[in-house]
Amino acid sequence: MTRDPSPIVLRLLNLTPVLLLGVVLLLFGLQSNRFLSGEHLSGLLAQAAPLLVVATGMTFVLLTGGVDLSVGAVMFVGAALAGRLALDGHSLAFCAAVMLGVGLAGGLVNALLVTRLRLVAFVATLATLYIGRGLGRWISETRALNLPDDFNALASTTWLHVPVPVWIAGTITVAAQAVLSGTPFGRRLYAVGADREAARKAGFDTGRLLAAVYVICGGCAGLGGVLALAQLGAVSPRFGELYEFDAITAAVLGGTSLFGGRGRVLPGTVVGAVLLKTIFSGLVMAHANPYAYALITSAIIFVAVLLDSLRHRVLRGLARRVIRLEPAGQRDA
Amino acid sequence: MTAHRIMPRTRFLFVLAAGAAVVLAACGGAGESGTAGDARSGRLTIGVAFETLQTEFWVAAWNALQARAAERQITLLEAVSDGDPAKQLDQVRTFLTRRADGIILVPKDGKTVIPMIKAANAAGVPIVLLNRPADATDAAHTVVAPDNATITRDTVAYLIQQARRSNPRVKAAILVGDLSDVNAVGRRDGFEAAVADAGGSVDVVARIPTDWNQEKALAGLQTALQAHPDIGLIFSSSDFMFPSVKSVLSAAGRWKKAGEPGHVVLGGFDGDATAWRLMVDGYVDATGVQDVFFEVDAALRAILDATQGRIPPPRIADPGFVLTQANRASLEARTWGAIVAKQGQ
């Protein structure tokens, strides 16, 4: 005999990542009374803003079963170019536009490699990662580019007591989720990720859909680079290094499947990105041993992924029961 | 369908292949220079393999090596492995095939370099590790490296002295580097030794692991300053993280010059151009400087000695120095960051 899942159970299962974030916040809040203060939480979200934007773009790519390893390198190229321009006296707005343009161009290159040359996304974007980092080093001449002080204005300005980067990241994530769940384009991405061949046979232009997600991802990397640069005020030769892994981790922590077809930006990826930043910040506030960071972070990530896996197993099981309806008499017996 | 659709793709592939060929050719040119003939022309030939050129320090060392080699009419075979030890091993084998008279190596880490040292030993070619030592091994080699712990201890001792002028009990924070990097560990140890020497007058309230990542440095320091707004001393294990420190302190209204009320005593390690400029501007109090010119000279000298039958010592320590506001003018010529800063002006 089986029972239909209670709506509360379903809701709780779907909110597992959010609940985990809540538990982590609570645990660190018990360690230090400053941790849950408005000032700290606002700072935490501001720190997470660049990752939120980059991970949003990454979610689009992951939903189609692809991956973009070049986001950090694209951020670096854009930042190195913007740094040069800023030091030559160009305005913040112009530099930001250039970074965004570099991001979109990087995304377009990846899109061409994946859709026109049919390269595996992992290989194509690994190549652009190396090309990007080399290009960025060439542009910056491997020198730290310390930008004029007004470049930090974007990061330090607040609106309604909330840092502007948080507003930008919030707008991007809300818009992204609206596109994913409320437009035919978004629904087609899920279809492509779930079964590309079936999507193609259903008449979807899979090439264009795939190209679009890489361009979106590149654009998000460019914008994330703007936010990160505004916070740091300098471009070092390591700018954006390993950002791709943080972005992938954030998306996966939020429940996005590496195999495509499953995932959400809100709350999923947002929760994943904030969780990563929360763990680091909490450990700093708790004055943890530097060697413990990797252990504790990986343990929490492991728990998150395990819970997500269990959640999906349960949800799959529940879905199967709904499909195989038993005769009413037997159910009541 | 086919003819007119295949053509554009073929053309596209051709253009891409041509582009890739140009990029690969450019990479090859940048990766190694010198000709095979140099190794047999009577001029001394030295293979130089760097793990990375990703920071100003490595670029400064690379440039110094090229300049010193040119002065001594030494031909360099050059290679960069971009953090890939397997690639670096191949580069070392290539040097040996090309009959290099010696090898100068900046390894990724102490473990993966051991097969490279053994390969050089087997070929009877002297090998010098620049700036990063190998793990314990009986394979013959020379290491030229700074004493990170001692230079950092001296630097931090100076910083503590400065901080205690305004407050006998100092709250301090350290931005720790990548804990798999022996240099980062040495600097962390030097910091802790100086704190211990201060006899309880320093309370370390944050030890932030940055993995040499500016964003982590910023996030960690921001949190530490929120938890302890009265932090009076910050030590950055590498100068390249100073922009993060500046960003956090500026936002907190504590980016003040030495001598101004509310100044946070700041120190670092490396002596790069950013630190130099911030010292000139009065924001940074001191930094431990690796003497890149000493290290390069010592490495070349060790190879020359070996080629002339003299056995170089297994370890040559770069004594470095502590650059402070007081001795800045007199040590400018020895500070590689000052030179880089001037070139960048």
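Once Rh for region B:233-345 is found with the Kirkwood sum over Cα pairs, what is the Stokes-Einstein diffusion coefficient at 20 °C and 1.002 mPa s, in µm²/s?
139
Given the pairs B:Lys87/B:Lys342; B:Lys216/B:Lys342; B:Lys256/B:Lys342; B:Lys216/B:Lys256; B:Lys171/B:Lys256; B:Lys111/B:Lys246, which are separated by over 27 angstrom at their Cα positions? If you can, show how the numbers build up before the last one.
Details: B:Lys87/B:Lys342 34 Å; B:Lys216/B:Lys342 29 Å; B:Lys256/B:Lys342 24 Å; B:Lys216/B:Lys256 23 Å; B:Lys171/B:Lys256 17 Å; B:Lys111/B:Lys246 36 Å.
With Cα atoms farther than 27 Å apart: B:Lys87/B:Lys342; B:Lys216/B:Lys342; B:Lys111/B:Lys246.
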Is there a quick way to get the dipole size of the protein assembly as shown? I mean about its Cα centre, with the Cβ of Lys and Arg at +1 and of Asp and Glu at -1; what is the value in debye to the nearest 20? 2160
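Per residue, how much space in cubic angstrom lies within the convex hull of the C-alpha atoms of region A:218-320?
On the way: hull volume 13.8 nm³, N = 103.
Cα convex hull per residue, to the nearest whole number: 134 Å³.
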When only C-alpha pairs under 8 Å and at least 6 residues apart count, what is the relative contact order of chain B, in percent? 16
Residue-by-residue Karplus 3J(HN,Hα) for region A:93-103, coefficients 6.51, -1.76, 1.60, Hz, glycine and proline x: 4, 5, 4, 5, 5, 5, 4, 5, x, 4, x
Inside 10 Å of the C-beta atoms of A:250-261, what's the mean count of C-beta atoms belonging to other chains? 0
At B:Lys257 and B:Thr94, where each label point lies 7 Å from the Cα along Cα→Cβ, what is the point-to-point distance in nanometres? 5.0
Count, for each residue of B:216-222, the Cβ atoms from other chains sitting within 10 Å of its Cβ, then give me the mean as a whole number. 5
Descending packing, highest mean Cβ count within 10 Å first, for A:298-305, B:100-107, A:253-260 is B:100-107, A:253-260, A:298-305
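In peptide B:237-248, how many Cβ atoms from other protein chains are near each Cβ within 10 Å, on average?
Counting other chains' Cβ atoms within 10 Å and averaging over B:237-248 gives 4.
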Volume per residue, Å³, of the convex hull around the alpha-carbon atoms of region A:24-74? 105
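Sorted from fewest to most neighbouring beta carbons within 10 Å, what does the list B:Ile114, B:Ile311 look like? Before the final figure, lay out the partial values.
Details: B:Ile114 17, B:Ile311 11.
The most exposed by this proxy come first: B:Ile311, B:Ile114.
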P(r) tail fraction, region A:70-187 - alpha-carbon pairs more than 22 Å apart, %: 50
Simple spin-label estimate for B:Ala136/A:Ser37, 7 Å along Cα→Cβ, in nm, reads 4.8
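Taking the mean number of other Cβ atoms within 10 Å as a proxy for protection, how do you rank A:51-57, A:206-212, A:116-122, A:244-250 from highest to lowest?
Numbers: A:51-57: 31.3, A:206-212: 17.9, A:116-122: 14.3, A:244-250: 23.7.
Highest to lowest by the protection proxy: A:51-57, A:244-250, A:206-212, A:116-122.
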For region B:278-343, just the Cα set please: Rg and Dmax, both in angstrom. 15.4, 49
Order of B:Met279, A:Met58 from fewest to most other C-beta atoms within 10 Å? B:Met279, A:Met58
Amide H partners (placed H, <5 Å) of B:Arg315, local residues excluded: B:Val143
Quick one: P(r) of region B:33-140 from all Cα-Cα pairs, 5 Å bins, percents rounded to integers, in order of increasing distance. 2, 13, 25, 26, 20, 11, 3, 0
Unit Cα scatterers, Debye sum, chain B: log10 I(q)/I(0) for q = 0.11, 0.13 Å⁻¹: -0.77, -0.97
Sorted largest first, the Cα spans of the protein assembly as shown on the principal axes come out in Å as 96, 73, 52
With label points built 7 Å along Cα→Cβ from the Cα atoms of B:Arg328 and A:Leu87, find their separation and express it in nm. 2.0
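Which of A:Leu160, A:Leu85, B:Leu266, A:Leu19 has the fewest other C-beta atoms within 10 Å, and how do the rest follow up to the most? Write out the running numbers ahead of the final one.
Details: A:Leu160 5, A:Leu85 17, B:Leu266 26, A:Leu19 14.
Going from sparsest to densest Cβ surroundings: A:Leu160, A:Leu19, A:Leu85, B:Leu266.
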Could you give each residue of region B:233-240 its phi-based ³J(HN,Hα) in whole Hz, using Karplus coefficients 6.51, -1.76, 1.60 with θ = phi - 60°, and x for Gly or Pro? 9, 10, 10, 9, 5, 8, 4, 5
Could you grab the Rg to Rh ratio for region A:28-112? Cα atoms only, Kirkwood for Rh. 1.12
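Find how much the distance from B:Asp281 to B:Ala123 grows on full extension, using 0.36 nm per residue of separation minus their present alpha carbon separation; answer in nm with one decimal. Kindly include the intermediate steps, with their values, before the conclusion.
Values: separation 158, 0.36 × 158 = 56.88 nm, distance 5.13 nm.
Once the chain is fully extended between B:Asp281 and B:Ala123, it gains 51.7 nm.
Take the alpha carbon gyration tensor of region A:7-332, find the square roots of its eigenvalues, order them as a ≥ b ≥ c, and report rounded if a/c is under 1.5; if not, report prolate when a/b exceeds b/c, else oblate.
On the way: a/c = 2.11, a/b = 1.27, b/c = 1.66.
Verdict is oblate for region A:7-332.
Readers should treat all values here as calculations from the given coordinates under stated rules, not as data from a laboratory. Given the structure is predicted, the values throughout are model-derived calculations rather than measurements. Note that we place each Cβ from the backbone using ideal geometry, even for glycine, and neighbour counts take in every protein chain shown.
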